[in-house]
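The values are calculated or read from the model by the stated rules, or taken from the named source; none is laboratory data. For clarity, every value in this text was computed on a predicted model and none was experimentally measured. Positions of Cβ are backbone-derived with ideal geometry, glycine not excepted, and every protein chain shown enters the neighbour counts.
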Amino acid sequence: MSERLVLGSRIDGLLDRLYAQNASQDEALGSYFSARAQEESFDWNEFDARTNQFLSDKLVALDREKAEFCYYLCRALRARRVVEAGTSFGVSTLFLAAAVRDNVREDGGTGVVIGTEFEPAKAAAARANFAEAGLSEWIELREGDLRKTLVDVGGPVDFMLVDIWTPMARPALELVAPALRNGAIVICDNTTQFRDAYRDYFDFVNDPANRLRTMTLPFEGGLEFTLRED
Ligand SMILES: C[S@@+](CC[C@H](N)C(=O)[O-])C[C@H]1O[C@@H](n2cnc3c(N)ncnc32)[C@H](O)[C@@H]1O
């Protein structure tokens, strides 16, 4: 077992608190979706208003070891320009921003994590968390639907995290793919658990025209590791 990653005194306690809050919502999430899944009309590919309302205060944060892995990948890539599809309360964003901060401290220059979130209350909570962590200067949070907010990511992208409701995964990757630099990495969560729902995402990833190579890593639920190779 590896030692827990230390990101800084203002960040680590906040992450402990956010992960505790996340864990306290697990049971409610499990009960909600097992009940709804019994309904014939329930569609995993398109959440209805009731599900969106239920999820509007849920963190659904990226597992801590997956988030730590993203930090290490960003450090290995010396990533300075990162895009995250699905920010929620900003848990994974804190890891990405800490990596960009650490890369810039060592290498100089500038860096940014572009996050996006369409629930206003979650975006407000994320901004408060970024401020508490002392990482706001590294994060540009774009509020709204990613199909609009990610149309222009403003330059080459070193790393992308896709941690979004599954129907939005392909639109997010399609928008950002033209900006991925040679050697960029895209991580996408739960690709084993929701393989069917990710079908159109994999159609895009496996299309040779998109110059991507991919493998599913054996984290819980599966974690897709995709490399841009020009
Ligand atoms: C799995 S959560 C992200 C968790 C986050 N990465 C973390 O680790 O804390 C997915 C988030 O994507 C947001 N979302 C879903 N569809 C979206 C869309 N079309 N545009 C922007 N955000 C969206 C949801 O509101 C939800 O907060």
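Taking Ala133, is it buried (at least 23 other Cβ atoms within 10 Å of the Cβ), closer than 20 Å to Met215 by Cα and of a type outside the set (Val, Ile, Thr)?
Judged against the criteria, Ala133 is not a match.
Let me spell it out: the conditions are (1) more than 23 Å from Asp63 (Cα to Cα); (2) of a type in the set (Phe, Trp, Tyr); (3) at pLDDT below 95, and Phe194 meets all of them except one. Which number is the exception?
Every listed condition holds for Phe194 apart from (1).
What are the pairs with Cβ atoms under 9 angstrom where one residue, in region 50-62, is hydroxyl-bearing (Ser, Thr, Tyr) and the other, located anywhere, is part of a loop (DSSP other than H, G, I, E, B) and within 10 Å of the ligand (Cβ to nearest atom)? Sequence gap at least six, or different chains.
Short answer, once both residue conditions are applied: Ser56/Glu119.
Among the residues of region 51-65, write down those that are out of contact with any helix residue (DSSP H, G or I) (no Cβ under 8 Å at 6 or more places or on another chain) and in a helix (DSSP H, G or I).
Asn52, Gln53, Leu55, Glu65
For residues that are aromatic (Phe, Trp, Tyr) and under 29 Å from Gln53 (Cα atoms), scanning just region 106-159, find the one that is nearest to the chain's Cα centre (by Cα).
Phe118
For Thr93, which of the numbered conditions (1) under 24 Å from Ala169 (Cα atoms); (2) without any contact (Cβ under 8 Å) to a residue 60 or more places away in the chain; (3) out of contact with any strand residue (DSSP E or B) (no Cβ under 8 Å at 6 or more places or on another chain); (4) not hydrophobic (A, V, I, L, M, F, W, C) fails to hold?
Single failed check for Thr93: (3).
Restricting attention to region 207-230, and to residues there that are in a loop (DSSP other than H, G, I, E, B) and among the charged types (D, E, K, R), which single residue is modelled with the lowest pLDDT?
Only one residue tops the list, namely Asp230.
Being within 16 Å of the ligand (Cβ to nearest atom) and among the aliphatic types (A, V, I, L, M) narrows it down to one of Leu77, Leu14, so name that one.
Just a single option satisfies the conditions, and that option is Leu14.
On the given criteria, is Ser88 within 19 Å of Ala131 (Cα to Cα), within 12 Å of the chain's Cα centre (by Cα) and not in a loop (DSSP other than H, G, I, E, B)?
When the stated conditions are applied, Ser88 does not pass them.
Hey, among the residues in region 15-27 that are among the aliphatic types (A, V, I, L, M) and either surrounded by 12 or more Cβ atoms within 10 Å (Cβ to Cβ) or touching a residue at least 60 places away in the same chain (Cβ under 8 Å) (or both), which one's nearest to Glu68 (Cα to Cα)?
Step by step, filter region 15-27, then rank; the result is Leu15.
Tell me the residue from Gly115, Gly109 that is under 18 Å from Lys66 (Cβ atoms) and not polar (S, T, N, Q), please.
None of the other options fit; the residue is Gly115.
What pairs come up if the first residue lies in region 146-171 and is of a type in the set (Phe, Trp, Tyr), the second is part of a loop (DSSP other than H, G, I, E, B) and near the ligand (Cβ under 10 Å from one of its atoms), and their beta carbons are under 9 Å apart, counting only those six or more places apart or on different chains?
So the pair list comes out as Trp165/Phe47; Trp165/Gly86.
Would you pick out the residues in region 100-130 that are among the aliphatic types (A, V, I, L, M), assigned to a helix (DSSP H, G or I) and more than 16 Å from the ligand (Cβ to nearest atom)?
Within region 100-130, Val104 is the sole residue that qualifies.
Restricting attention to region 141-165, which residues are surrounded by 18 or more Cβ atoms within 10 Å (Cβ to Cβ) and either more than 20 Å from Phe89 (Cβ to Cβ) or not assigned by TED's automatic domain parsing to the domain that holds Cys74 (or both)?
Listed by number, the residues that qualify are Val153, Val157, Asp158, Phe159.
When residues of region 1-43 are filtered for being of a type in the set (A, V, I, L, M), in a helix (DSSP H, G or I) and modelled with pLDDT of 95 or more, how many remain?
The total comes to 9.
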